[in-house]
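What follows is calculated from the coordinates using simple rules that are stated; it is not laboratory data. None of these values were measured; they are calculated from a predicted model. Using ideal geometry, Cβ is built from the backbone for each residue, glycine included, and neighbour counts are taken over all protein chains shown.
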Amino acid sequence: MKAEILFKPDGKTVQARPGTSLLDAARRAGVAIRTRCGGKAACLMCKVQVAPDAQQGLQPMNTNESLKLGSLAEEGFRLACQAKATGKAGVCVLVPEDPLKSAVRRQLERQQEEEWL
Ligand code: FES
């Protein structure tokens with residue numbers, strides 16, 4: 001059994017078998033998720049957000065993921081390297097913008113605003 005995983009804001013999708021991590025699914029879909037620890041739940045760079053109603057498409061958090069995320073888990077965050085598909089329901093995943101890209105975008109927006117003044 002496979003289920004669709006949708007990655008926003010890219011809008012890319014991939015079919016995932018049970019046990020496939022969101023990180024592996026993202027790579028197959030061509031979606032970039034930052035990592036530094038190679039999927040060992042150590043760097044916390046692979047945080048993604050999953051809507052509460054879509055959590056049924058993911059296996060429950062393991063203890064390590066839960067401890068690492070702390071209160072972020074209540075906001076729907078999961079570690080893409082640890083969250084695994086159940087294959088029973090689709091999942092919509094929001095991949096946060098890369099902090100460097102975000103900083104560049106904000107700077108460009110500020111410059112455009114200054115040009116209009
Ligand atoms: S890849 Fe480092 S915590 Fe997930």
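By the Cβ distance rule (another cysteine Cβ under 4.7 Å), the unpaired cysteines of the chain are Cys46, Cys81, Cys92. Amide H to amide H distances under 5 Å link Cys92 with Leu6, Ala51, where only residues 5 or more positions off or on other chains count and H is placed in the peptide plane.
Note on the chain: helix-only mean residue ellipticity at 222 nm, from DSSP H runs of 4+ residues weighted -39500 (n - 2.57) and normalised by residue number, equals -8500 deg cm²/dmol.
The lysines within cross-link reach of Lys40, meaning a Cα-to-Cα straight distance under 24 Å and a gap of 8 or more places when in the same chain, are Lys8, Lys68, Lys84. Taking amide hydrogens as placed 1.01 Å from N in the peptide plane, the amide H of Thr20 sits under 5 Å from those of Ala85, each at least 5 positions away in sequence or on another chain.
Here the Karplus curve 6.51 cos²θ - 1.76 cosθ + 1.60, taken at θ = phi - 60°, turns the phi angles of segment 69-83 into couplings of 7, x, 6, 4, 4, 5, 8, x, 6, 9, 8, 4, 6, 10, 6 Hz, with x standing for Gly and Pro. Ordering of 22-28, 58-64 by packing is 22-28, 58-64, highest average first (other Cβ atoms within 10 Å, averaged per residue). Antiparallel beta bridges, as assigned by DSSP with both residues in the chain, represent about 75 percent of the total such bridges. Based on the inverse mean of 1/r over its pairs of different Cα atoms, what is the Kirkwood hydrodynamic radius of the chain, in Å? After inverting the pairwise mean of 1/r, the radius is 14.9 Å.
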